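J.: One structure, as structure tokens, below. Some questions next.
The values are calculated or read from the model by the stated rules, or taken from the named source; none is laboratory data. All figures in this text were calculated on a predicted structure; none of them were measured in a lab. All Cβ positions, even for glycine, are placed from backbone atoms using ideal geometry, and neighbour counts span all protein chains on display. We work out accessible area using only protein heavy atoms, side chains counted, and drop any ligands, DNA or RNA first. Shrake-Rupley method; radii C 1.70, N 1.55, O 1.52, S 1.80 Å.
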Amino acid sequence: MRTIFLAETADDQDQKLLELEKTKQNLEQQLQEMAKTVEKQQQMIAIAKRDPLTGLRNRQGIPGLVNASLCKHCEGSFFIMDLDNFKSVNDTYGHMEGDRVLIKFAKALRENADPEDIIARLGGDEFVVFSPGYCDRYEVRTKAQRFIRQIERSLVMLGKPMQVTVSMGIASAPLDGVTYDALYENADRALYSIKNEGKNGYRFFSELNRAGNGSVIYDRPRSSLEEITARLKERKMEGSFEVEYNHFEKIYHFMERNLIRDRREVQCVLFTLENYTYADEMIVRRQLEHLHHAIVSSLRKGDVTTKYSLTQMLVLLMDANTENAGMVAERILCKYRREAGRDMLNIRHDIRQVMCDQM
């Protein structure tokens, strides 16, 4: 039997080429559609890991990033924070105003975080920041103070006597945990303890004792006397004073109503502890107590004093000129030195007149 091979015609070859080209185009189209689907899915996943109100990462978007960073660096600082009495903001001004407060909170965190920091809003008024890499206690403390200071400044609303302060818990890796869950749990315990014992400050988890308690660090950021008196004149009440906010506001409005009319002089004196950076925290607090006692025992009826920060005391001397204020300040410092003992710290004092015609 003979096999006969028939040569393909040019038309047959052209037809096969057309079919191959069509198959190629179909495959390319399928690949493009698959790529678009994958991209869309990735976008949806990214959106799902973002908080729609603030644009920060949300509760689902942060654990993986923190764990990956911990695997790489093995060290880091975990800050968890929320607003004190946030419910009263919503109740007083409505949820739209509450949302604006949260947006400002998030903006302040972004502006004051380092480029490598991971920031998230976990829900409600609860925010976290993870700073990868090693930071000593002083650096972490400085960062906590910066966050608190700038958040509170950003939330000042002229014309609304709204006090918004911040409480914060801090955990450090690897001492307090080497995973997101461990750091979150321990920082949250530190936050919970400070919320139960006064709010308006920060606490390290490592400072809690076995019973879960510790000493609260009420640390309103240090300010200059010019900044403080400027806020008084501009009605920018930041809620940074240790006295109740409403009480301080009443004092201010009393001064505003009466001093302008009666042309009375008031001197503002700020006492600041110096060279405390490397001092033990208990020593700093004890020295501030000595300073507080020296101030209270030196003032006259009608004068006002308040703890302004962990290292500052603020005094309003009624009906006093600059010379009298200087004499009072020296009397206070002499009493402090007698009480302070060997742990005595240097104290700087600044005096500024509260000008009645500018209030």
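J.: Based on this model, can you work out whether Asn196 counts as without any contact (Cβ under 8 Å) to a residue 40 or more places away in the chain, open to solvent by 30 Å² or more (accessible area, probe 1.4 Å) and under 15 Å from Met81 (Cα atoms)?
T.: Judged against the criteria, Asn196 is a match.
J.: What is the one condition in (1) surrounded by 14 or more Cβ atoms within 10 Å (Cβ to Cβ); (2) modelled with pLDDT under 85 that Lys335 does not satisfy?
T.: Tallying (1) surrounded by 14 or more Cβ atoms within 10 Å (Cβ to Cβ); (2) modelled with pLDDT under 85, Lys335 fails exactly one: (2).
J.: So for the range 151-158 (the condition being farther than 14 Å from Leu83 by Cβ, among the hydroxyl-bearing types (Ser, Thr, Tyr) and either in contact with an Asp or Glu (Cβ under 8 Å, 6 or more places away or on another chain) or modelled with pLDDT under 90 (or both)), does at least one residue qualify?
T.: Checked against the condition, which is being farther than 14 Å from Leu83 by Cβ, among the hydroxyl-bearing types (Ser, Thr, Tyr) and either in contact with an Asp or Glu (Cβ under 8 Å, 6 or more places away or on another chain) or modelled with pLDDT under 90 (or both), the range 151-158 yields no hits at all.
J.: List pairs: first residue in the range 283-302 and in contact (Cβ under 8 Å) with a residue 12 or more places away in the chain, second residue assigned to a loop (DSSP other than H, G, I, E, B) and aromatic (Phe, Trp, Tyr) anywhere in the structure, Cβ distance under 9 angstrom, at least six positions apart or on different chains.
T.: Ile283/Tyr276; Val284/Tyr276; Gln287/Tyr276
J.: Another one. Would a scan of the range 125-142 turn up a residue that is more than 18 Å from the chain's Cα centre (by Cα) and open to solvent by 50 Å² or more (accessible area, probe 1.4 Å)?
T.: yes
J.: Name the residues in the range 302-327 that are modelled with pLDDT of 85 or more and in contact with a Leu (Cβ under 6 Å, 6 or more places away or on another chain), would you?
T.: If the condition is that a residue be modelled with pLDDT of 85 or more and in contact with a Leu (Cβ under 6 Å, 6 or more places away or on another chain), then Ala325 is the only one that fits.
J.: Scan the range 57-109 for residues that are of a type in the set (Asp, Glu) and open to solvent by 80 Å² or more (accessible area, probe 1.4 Å) and jot them down.
T.: Asp91
For (1) in contact with a Lys or Arg (Cβ under 9 Å, 6 or more places away or on another chain); (2) under 30 Å from Lys107 (Cα atoms); (3) in a loop (DSSP other than H, G, I, E, B); (4) at pLDDT 75 or above, each residue gets a yes or a no:
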{"site": "Ile4", "(1), (2), (3), (4)": "no, no, yes, no"}
{"site": "Leu18", "(1), (2), (3), (4)": "no, no, no, yes"}
{"site": "Asn26", "(1), (2), (3), (4)": "no, no, no, yes"}
{"site": "Val38", "(1), (2), (3), (4)": "no, no, no, no"}
{"site": "Gln42", "(1), (2), (3), (4)": "no, yes, no, no"}
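J.: If you take the residues of the range 65-98 that are part of a loop (DSSP other than H, G, I, E, B) and among the charged types (D, E, K, R), which of them is farthest from Arg189 (Cα to Cα)?
T.: For the range 65-98, the residue satisfying everything is Glu75.
J.: Which pairs have Cβ atoms under 6 Å, sit 6 or more apart or on different chains, and link a residue in the range 148-162 that is surrounded by 18 or more Cβ atoms within 10 Å (Cβ to Cβ) to one that is at pLDDT 85 or above and not in a helix (DSSP H, G or I)?
T.: Hits for this filter: Ile148/Val166; Ile151/Val166.
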